[in-house]
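Report on the structure given below.
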């Protein structure tokens, strides 16, 4: 047999391996093939090909493994059990850029499924190698490493701290300054996932100088990058007053308000979330948001979108209003109440309705003026129907009830209260009658209207326990009128006649 014939055998073997691994990588892109591949023992075969002498076969084997591991946690666990991770980590430091990207993809695909699988990656020593890849000359290698680190850090504070301890944060900050948009996006996302777990981790991101660089990119035209940047700033801001102030000091206002008008729904939502996380901490930070025009801008944003995009803006208005009478009035002046009422009525999801109910309660709980601003929008009957509906979630019922009580306890606008005399359950009726007992003794016009509208008659029909708070309220109302008028035994016309006589008497 000639030398050429001998070499041809090896060439055929190499060609067969190449065709096999390429076909497996292609088959792994289709979900319907996954189970068959797994049953055929594809994992052990691919593990062997990771050690192949031909670099392209190694890279394609790693790509196939990544696609399989990405499919579900069972296949990701199979990668771990087949002892593939140590080989990947070893090769990650030694091979070319194509292999590095493929190997990092496998680590990302394994780590995304659960904290346990992410911990397996940490345990095999991958973090140090992935961090080294963040310094690679090739942007694609940096991007692949940042993806893997992000999926490890996102699970919990312990894994995120492991990423920090490996030295990833300063290099991720450098990555957001690179010209490649895809690299900027994933680096910002990784910083967001690190910062979200605790104030200490968020402080690490701040100390690395990330906030200033992120703030400078808020107006980047790329929508995906913008919503990652806004997310990262939100995750830093949410933990404490000091961290929120650091974000504000990066001069995000009024620039961030332009994002509330963005065409991209995620940009709108994340911008609202960032403003919410700042405003929630203190009256001073809320006042800063108001002074920057943030309340009016958020209200406009709520009016221009639907569903979950509205949610952070609704909550932001509630947080601002909760701090003080003046801040709640700022929400009222900016026409926040009608917009929240629209959300309460038209949104189909209970958790959004619950947020709107809570926000309206925070606005109306301060003074009679605040309560009237809510009551005149016909919001109270909507809240009552949501509270009493058996189809409402428990959270919506609780928040609706709390909002009704907050508003009723300050409301002196009797036309809004009177329908409650007919529809409200006893635990709400008590507060309604209590408000009438406070207003009627001091308002002759209201006393007159209360009789002619049938309100006084309805109060006489209420069955209250002797000595109860409700009975005290009824007695207080009755004391505003002559005894013959409040007698429920008189026919209605006689009551009205006596009332007119009473009103003519000096």
Some residue of the stretch 135-147 being more than 23 Å from residue 75 (Cα to Cα) and within 23 Å of the chain's Cα centre (by Cα): no
Failed criterion for residue 251 (all others in (1) closer than 20 Å to residue 205 by Cα; (2) at pLDDT 95 or above hold): (2)
Qualifying residue in the stretch 70-82 (condition: within 13 Å of residue 23 (Cα to Cα) and at pLDDT 85 or above): no
Residues of the stretch 313-327 that turn out to be surrounded by fewer than 24 Cβ atoms within 10 Å (Cβ to Cβ) and under 11 Å from the mean Cα position of the chain (by Cα), as a count: 1
Test: residue 110 is in contact with a helix residue (DSSP H, G or I) (Cβ under 8 Å, 6 or more places away or on another chain), in contact (Cβ under 8 Å) with a residue 40 or more places away in the chain and assigned to a helix (DSSP H, G or I): yes
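Scan the stretch 23-37 and give yes if some residue there is within 27 Å of residue 142 (Cα to Cα) and without any contact (Cβ under 8 Å) to a residue 12 or more places away in the chain, otherwise no.
Within the stretch 23-37, one or more residues are within 27 Å of residue 142 (Cα to Cα) and without any contact (Cβ under 8 Å) to a residue 12 or more places away in the chain.
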Enumeration of residues in the stretch 449-473 that are crowded, with 18+ Cβ neighbours inside 10 Å, touching a residue at least 40 places away in the same chain (Cβ under 8 Å) and more than 45 Å from the chain's Cα centre (by Cα): 451
Single residue of 146, 188, 223, 162 found to be at pLDDT 95 or above and within 23 Å of residue 271 (Cα to Cα): 188
Every residue from the stretch 197-214 that is closer than 16 Å to residue 277 by Cα and surrounded by 21 or more Cβ atoms within 10 Å (Cβ to Cβ): 202, 211
In the stretch 271-312, the residues that are in a loop (DSSP other than H, G, I, E, B) and under 15 Å from the mean Cα position of the chain (by Cα): 280, 306, 310
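Any residue that is on the phi > 0 side of the Ramachandran plot and assigned by TED's automatic domain parsing to the domain that holds residue 11 - is there at least one of those in the stretch 31-42?
There is at least one residue in the stretch 31-42 that is on the phi > 0 side of the Ramachandran plot and assigned by TED's automatic domain parsing to the domain that holds residue 11.
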The listed residue being at pLDDT below 85, in the same structural domain as residue 19 (by TED's automatic domain parsing) and within 29 Å of residue 11 (Cα to Cα), out of 87, 59: 87
In the stretch 216-261, residue farthest from residue 190 (Cα to Cα) [restricted to those that are under 18 Å from the mean Cα position of the chain (by Cα) and in a loop (DSSP other than H, G, I, E, B)]: 240
Per-region count, the stretch 177-203, residues under 18 Å from residue 236 (Cα atoms) and assigned to a loop (DSSP other than H, G, I, E, B): 3
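The values are calculated or read from the model by the stated rules, or taken from the named source; none is laboratory data. Because the structure is predicted, anything quoted here is derived from the model rather than measured. Glycine gets a Cβ as well: all are built from the backbone with ideal geometry, and neighbour counts include every protein chain shown.
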